[in-house]
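For reference, the structure is listed below as structure tokens.
None of the figures in this text is laboratory data; all of them are computed from the coordinates on show. Bear in mind the structure is a predicted one, so any value in this text is a computation, not a measurement. Virtual Cβ from ideal backbone geometry, glycine too; neighbours counted across all protein chains shown.
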Amino acid sequence: MTFLLSCQATAKDFVSLEREIARFSNTVAEIEFAEGRHDFALIEPLHMLGKIQLQANLFSDAEKSIDRAIQIARFSDGLYSPVQYPLLQIAIDIELAREDWSKVTKKLEHYTWLISQQYQGEVRPRIEQV
């Protein structure tokens, strides 16, 4: 009986994740239509969409959403934009979930480099604060 209840709860959770994915996908489409494909306002809904897709184990979709948000942040706010920090953290989480250790390493190195560009100092103590 307990197994059946946990399966029902999982199915319900998946349905709610699907609804959230649809909701944020619609938000992205509306902003694209009104403001264009590279508008800064797309970053937050793409970020949320990527997080929800990660929760639903839709790793490829999550990666596409987060990568797009990162590109928009770089284009709109500059190459060293701190807006990228939470996006890069999700990108690392996606690779951790996939167990792709080489990509995890590359993304961590990029994250470290980005922080060092922002502060122009010893990066280790600053990363520990983040």
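Could you check the simple spin-label distance between Glu32 and Val15, using points 7 Å along Cα→Cβ, in nm with one decimal?
2.8 nm
Just grab the label-to-label distance for Glu109 and Arg74, each label 7 Å out from Cα along the Cβ direction, in nm (one decimal).
Inter-label distance under the simple model: 1.6 nm.
Rounded, prolate or oblate: which fits segment 31-94, taking a ≥ b ≥ c as square roots of the Cα gyration tensor eigenvalues, rounded meaning a/c under 1.5, else prolate when a/b beats b/c?
Here segment 31-94 falls in the oblate category.
For segment 19-130, report the convex hull volume of the alpha-carbon atoms normalised per residue, in Å³, without decimals.
That works out to 93 Å³ per residue.
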